[in-house]
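Novice: Have a look at the structure that comes next, please.
Throughout, read-outs are computed from the coordinates displayed, never taken from laboratory work. Bear in mind the structure is a predicted one, so any value in this text is a computation, not a measurement. For neighbour counting, all protein chains shown are included, and Cβ atoms are generated from backbone atoms with ideal geometry for every residue, glycine included.
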Amino acid sequence: MEKEILEHGLNQNRRKFLSKLSLGVGSMALGSLLIPDLFKGKSGMEDELMAAIPHFAPKAKRVIYLFQNGAPSQLESFDYKPMLRERMGEDLPASIRNGQRLTGMTAGQSKFPLVGSYYDFKQYGEARAWISDLFPHTAKIVDDICIVKSMHTEAINHDPALTFFQTGAQVGNRPSMGSWLSYGLGSENNNLPAFCVLLSRGKGNGQGVYSKLWSNGFLDAVHQGVQFSNSEDPVLYLGDPDGMKRSDRRRMLDQISSLNQISYDQFGDPEIQAKIQQYEMAFRMQTAVPEVTDISKEPDSIIKMYGPDCLVPGTYAANCLLARKLSESGVRFVQLYHQGWDQHGNLPNEMAGQAKDVDQASAALIKDLKQRGLLDETLVIWGGEFGRTNYCQGKMSVENYGRDHHPRAFSIWMAGGGVKSGIVHGETDDFGYNITKDPVHVHDFQATVLHLMGINHEKMTYKHLGRRYRLTDVAGTVVKEIIV
């Protein structure tokens, strides 16, 4: 009998039994920490389990995307082209333009006079990166960021270009990047949404932003971005009505949930389950949101770092500070939109105002995350939907000119979360018109962001109407050169 047991590998003594048992218990404990509701028997837990497991070890846990809506000019920020000053007023050579299509705003111009930046540039950091005088605070953190000067896109107008960056398609009704990350990785904090949206408006001409940019598309509604208000009450209608106790609200939600569950059992509509989850999230947010949005406990040094505007709700500086607090609290994806970068005319004056709005707070966010030990696990992105032309739109003088949309070459910067610091990636020609080295397409950028979050962009798909969709559509290559 003993020989038969040994042959079947069933020879177990107390030590081996307890050793294997401890491994199983440890795995269960780890699972419960990663997914607190794992053993509660909730429906759909298999999906949550898969969502909480990245494809490989991530370099970043969270993303803060500082989107500069309207497209800041790379020629007045990070792509220094002194030759444009030397040849100011000369017509753009046809060999450089190479038949590129133009917007309706400059297609009727008989000439395309080159115009150099009104602002000077200086070199900073170990990489000797060129930074415009408009961004003195960004210049101080240049060794913490990676400047990508070779971005390019397919869209030439704001709406499709903006939608393309956020959803991977130029048309609407697709999930946004934050929704994809919520779907792919789940939430780190059950009391806050996985995806939050903050809006601010600058002094320049602003292109509108709209809810389709943080839509869940065809994903479950729980993955939609939650927009925070610009008022002192950041999430509207979150509080209980006067006279209602929290215990009363709890009983009311339980009754609503039971009725919704009956409807779900009868019809099987997944949106009913999503609605139940949204009610529960709102209930938990009643405690979490007031705490995370309260900046009264921030020390004076932090207020000074971000600037006095951070005390004014709805400003870019206030939203940068709030983004840090949300990210620190476990929000997976925080999206900021700052409007006002559409300088078709009066660019030197308007862009100076826009840069003043964002420069100090953007740099402060990097320094703040770094001093808290959070930058290594937080990916921060700064940039717009395309760039600006090297030629003038409309009337031109040294002190007053405009620039049209330019999708073929523009700049962004990234920091933290596994991105190499203190480097410049990509180059453009002397005219700042075409990319000459290391081009980065929008889908490459999206693939890289997902990769840093531990996701293979080709494997994270969702089947909808018979087709498998992904953020990067059928393209995208990870830019490994900028990854640590």
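Novice: If you line up the long axis of helix 246-267 against the longest principal axis of the chain, both from Cα atoms, how many degrees apart are they, to the nearest 10?
Specialist: Roughly 90 degrees, rounded to the nearest 10.
Novice: What relative contact order, as a whole-number percentage, does region 434-484 give when Cα pairs under 8 Å and 6 or more residues apart are counted?
Specialist: Working: 48 pairs, mean separation 22.5, N = 51.
Taking the mean separation of contacting Cα pairs over the length of region 434-484, I get 44 percent.
Novice: Please identify which residues in region 59-89 have an amide N closer than 18 Å to a label point set 7 Å out from the Cα of Asn157, following the Cα→Cβ vector.
Specialist: Within reach of a label on Asn157: 70-71.
Novice: Between Arg251 and Asp376, how high is the FRET efficiency from 1/(1 + (r/R0)^6) when r is the Cβ-Cβ distance and R₀ = 56 Å? Nearest 0.05. Kindly include the intermediate steps, with their values, before the conclusion.
Specialist: Values: r = 44 Å, r/R0 = 0.79.
Taking R0 as 56 Å, the efficiency between Arg251 and Asp376 is 0.80.
Novice: Same structure, new question: Rounded to the nearest 500 deg cm²/dmol, what is the calculated helix-only ellipticity per residue at 222 nm for the chain, with -39500 (n - 2.57) per DSSP H run of length n ≥ 4? It would help to have the intermediate numbers written out before the result.
Specialist: On the way: 14 runs with 168 residues, N = 484.
Rounded to the nearest 500, the figure is -11000 deg cm²/dmol.
Novice: Shifting gears a bit: Using Cα positions and a limit of under 20 Å, work out the lysines in reach of Lys437, with same-chain residues fewer than 8 apart set aside.
Specialist: Lys81, Lys149, Lys420, Lys480
Novice: Taking a point 7 angstrom from the Cα of Glu280 along the C-beta vector, which residues in region 183-199 have backbone N less than 17 Å away?
Specialist: Counting backbone N atoms under 17 Å from the label point, the list is 183, 186-195.
Novice: With a 10 Å radius around each residue's Cβ, average the other Cβ atoms per peptide and rank 298-307, 266-275, 212-221, 188-197, highest first.
Specialist: Numbers: 298-307: 15.4, 266-275: 13.6, 212-221: 19.7, 188-197: 21.7.
Listed from highest to lowest mean packing, they are 188-197, 212-221, 298-307, 266-275.
Novice: Then there is this: Which of rounded, prolate, oblate describes region 328-417, given a ≥ b ≥ c as roots of the alpha-carbon gyration tensor eigenvalues and a/c under 1.5 marking rounded, otherwise prolate only if a/b is larger than b/c?
Specialist: Prolate.
Novice: If each residue of separation counts as 0.36 nm, what is the full-extension length gain between Met88 and Leu259 once their alpha-carbon separation is subtracted? It would help to have the intermediate numbers written out before the result.
Specialist: Numbers: separation 171, 0.36 × 171 = 61.56 nm, distance 7.01 nm.
Answer, rounded to one decimal: 54.5 nm.
Novice: May I ask for the angle, rounded to the nearest 10°, between helix 158-167 and the longest principal axis of the chain, with both axes built from Cα atoms and the value confined to 0 to 90°?
Specialist: The two axes meet at around 30 degrees.
Novice: Nothing charged except the Cβ atoms of Lys and Arg (+1) and of Asp and Glu (-1): what's the magnitude of the dipole of the chain about its Cα centre? Round to the nearest 20 debye. Before the final figure, lay out each step's value.
Specialist: Numbers: 52 positive and 55 negative charges, 137 e Å.
With Lys and Arg at +1 and Asp and Glu at -1, about 660 debye.
Novice: Kindly express, to the nearest 10 degrees and within the range 0 to 90, the angle between helix 316-328's C-alpha long axis and the longest C-alpha principal axis of the chain.
Specialist: It works out to around 30 degrees.
Novice: Percent antiparallel among DSSP beta bridges with both residues in the chain, to the nearest 5? Could the numbers behind the result be given before it?
Specialist: Numbers: 23 of 50 bridges.
That works out to approximately 45 percent antiparallel.
Novice: Note down the relative contact order for region 358-459 as a percent, whole number, built from C-alpha pairs under 8 angstrom at least six residues apart. Intermediate values should be presented prior to the final figure.
Specialist: Numbers: 113 pairs, mean separation 21.8, N = 102.
Relative contact order comes out at 21 percent.
Novice: Still on this structure: Could you list, in their original order, any pairs among Lys59/Lys463; Lys370/Lys459; Lys59/Lys122; Lys111/Lys212 whose Cα atoms are separated by more than 29 Å? Spell out each step's value before the answer.
Specialist: Numbers: Lys59/Lys463 27 Å; Lys370/Lys459 32 Å; Lys59/Lys122 32 Å; Lys111/Lys212 37 Å.
Distance filter (> 29 Å) returns Lys370/Lys459; Lys59/Lys122; Lys111/Lys212.
Novice: May I ask you to list the aspartates and glutamates whose Cα is less than 13 Å away from that of Lys395, ignoring any residue fewer than eight positions away on the same chain?
Specialist: Asp404
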